[in-house]
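Encoded as structure tokens, the structure appears first; notes follow it.
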Amino acid sequence: MFPAMSETVSQSQLNSTLGSGLDVDAVRRDFPILDIQVGKKPLVYLDSAATAQKPQQVTDTIQRYYMMQNANIHRGVHYLSQSATDAYEESRRKIATFFNAATPDEIVFVRGTTEAINLVAQTWGRTNIKKDDEILISELEHHANIVPWQILCEEKGARLKVIPIDDRGRLKLDAFEKLLTSATRLLAITHISNAIGTVNPIREMIRRAHALDIPVLIDGAQSAPHLPIDLQALDCDFYVCSGHKLYGPTGIGILYAKYTILKSMPPYQGGGDMIQTVTFEKTTYKAPPERFEAGTPNIAGVVGLGAAIDYVQNLGRDRIARHETDLIAYAEDRLATVPGLKLIGSPETRAGALSFVIDGAHPHDIGTILDSEGIAIRAGHHCAQPLMRRLGLPSTARASFACYNTHEEIDALEKAARKVQKLFN
């Protein structure tokens with residue numbers, strides 16, 4: 001049987017913890033943008049699932065890089081190039097330690113989760129997926145973990161299979177076990193739903209897949225900011241996430257893959273810095289991770305992500321997780337008191353975000369009215385149209401949380417939701 005709770009962090013354990021130990025007032029002082037006003041209202045930022053705000057420590061690091069270290073990496077013998085290279089590779093080491101990869105060489109820098117999944121699909125996938133093979137995903141997936149596999153399946157004559165969910169927004173794990181067959185060549189699954197916050201039991205799913213020699217890709221775009229991640233303990237084959245959801249800059253993300261797998265994968269792009277030798281007759285390539293980092297990378301983004309990793313480490317991932325779990329539980333309780341408001345999904349473990357609708361109000365109207373109160377949420381299908389269709393909804397309003405959010409901001413959300421309810425009912 002599958003465990004009812006997430007193997008990474010238990011909702012009941014976190015709810016029973018008295019206090020997170022996180023000094024939220026001090027945290028908020030690290031984020032200058034939280035002091036701005038929207039109209040005459042203080043900003044209440046509840047859209048961190050789309051992108052998290054950046055602490056001063058990250059923006060200062062990026063500015064310092066451009067002012068004091070700016071140069072291209074890996075190619076120069078001069079001081080600035082060596083300084084930039086050291087900063088770039090130090091970030092790789094920090095990230096490997098943060099996620100407990102076996103070696104920094106298992107960390108490939110990409111633009112974000114989407115590019116990381118496409119890289120796997122177009123390199124490992126093109127090499128290993130053949131006609132009549134099956135790739136297994138779920139109804140909870142973001143488009144970025146659907147479309148690349150559709151493209152690959154169309155090219156190879158393979159089939160995309162989908163794990164269904166129940167009415168509470170949980171994977172039907174009995175169906176998952178039936179869908180794992182001798183034809184399955186890859187399980188690509190989200191750790192946390194970006195739309196409704198469901199936390200999947202990925203450790204057990206990985207174990208079941210590996211029992212059949214099926215490799216596993218984990219979409220960690222939403223889990224990396226919210227849960228402690230130990231890649232060696234999880235034993236997934238691929239893990240992907242974006243820096244901008246982890247308090248880092250946009251345009252940077254990571255692909256983790258076990259080194260033996262990376263070594264077997266052909267290059268994704270050709271160009272400078274990923275080559276060993278080039279002649280007009282033949283090119284040989286560097287070993288991973290450089291093989292997958294063609295051209296001048298987002299050096300400032302990598303350095304900024306390293307600073308974000310330092311920031312999260314200093315706050316403590318366990319403290320952040322406890323604080324955010326408390327916020328989710330408080331938000332569920334407060335929003336449940338609003339007449340005509342319906343929370344979407346009721347998984348045992350929810351993290352990062354929750355979605356809701358209000359009778360008579362389109363989610364875009366909800367978002368607009370909340371914006372007039374200074375409250376930033378997301379309204380739409382959240383790049384999860386198949387999930388919305390399964391739920392029988394065109395779209396939802398989504399509030400998502402981070403280390404800098406407070407109970408008072410959730411109170412403001414509840415008050416604004418009541419205003420919406422009165423306007424439309």
Of the residues in region 64-84, those that are in contact with a helix residue (DSSP H, G or I) (Cβ under 9 Å, 6 or more places away or on another chain) and of a type in the set (S, T, N, Q) number 4
Filtering region 311-324 down to residues that are assigned to a helix (DSSP H, G or I) and over 17 Å from the mean Cα position of the chain (by Cα) yields 311, 313, 314, 315, 318, 319, 322, 323
Could you say whether any residue in region 333-344 is farther than 24 Å from residue 389 by Cβ and either of a type in the set (Asp, Glu) or within 17 Å of the chain's Cα centre (by Cα) (or both)? yes
By my count, strands (runs of 3 or more DSSP E) wholly in region 194-307 with at least 3 residues that are modelled with pLDDT of 95 or more, within 23 Å of residue 350 (Cα to Cα) and within 23 Å of the chain's Cα centre (by Cα) are 216-219, 238-242
So, first residue on the phi > 0 side of the Ramachandran plot in region 357-385, second residue of a type in the set (Phe, Trp, Tyr), Cβ within less than 9 Å, six or more apart or across chains; the pairs are 360/424
In region 89-100, residues that are of a type in the set (Phe, Trp, Tyr) and farther than 20 Å from residue 224 by Cα total 0
Q. Quick check, is residue 196 of a type in the set (Val, Ile, Thr) and closer than 25 Å to residue 356 by Cα?
A. yes
Those residues of region 256-301 which are surrounded by 13 or more Cβ atoms within 10 Å (Cβ to Cβ) and of a type in the set (Gly, Ala, Ser) amount to 257, 264, 272, 294, 300, 301
Has region 392-409 got at least one residue that is in a helix (DSSP H, G or I) and touching a residue at least 24 places away in the same chain (Cβ under 8 Å)? yes
Pairs returned, first residue in region 276-299 that is without any contact (Cβ under 8 Å) to a residue 24 or more places away in the chain and aromatic (Phe, Trp, Tyr), second residue that is surrounded by 16 or more Cβ atoms within 10 Å (Cβ to Cβ) and assigned to a helix (DSSP H, G or I), beta-carbon separation under 8 angstrom, 6 or more apart or interchain, are 285/291
Looking across region 327-341 at residues that are surrounded by fewer than 19 Cβ atoms within 10 Å (Cβ to Cβ) and in contact with a Leu (Cβ under 9 Å, 6 or more places away or on another chain), the single one that is nearest to residue 21 (Cα to Cα) is 329
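The values are calculated or read from the model by the stated rules, or taken from the named source; none is laboratory data. These numbers were taken from a predicted model, which means no experiment stands behind them. Because the Cβ atoms are built from the backbone with ideal geometry, glycine has one as well, and the counts that use them run over all protein chains shown.
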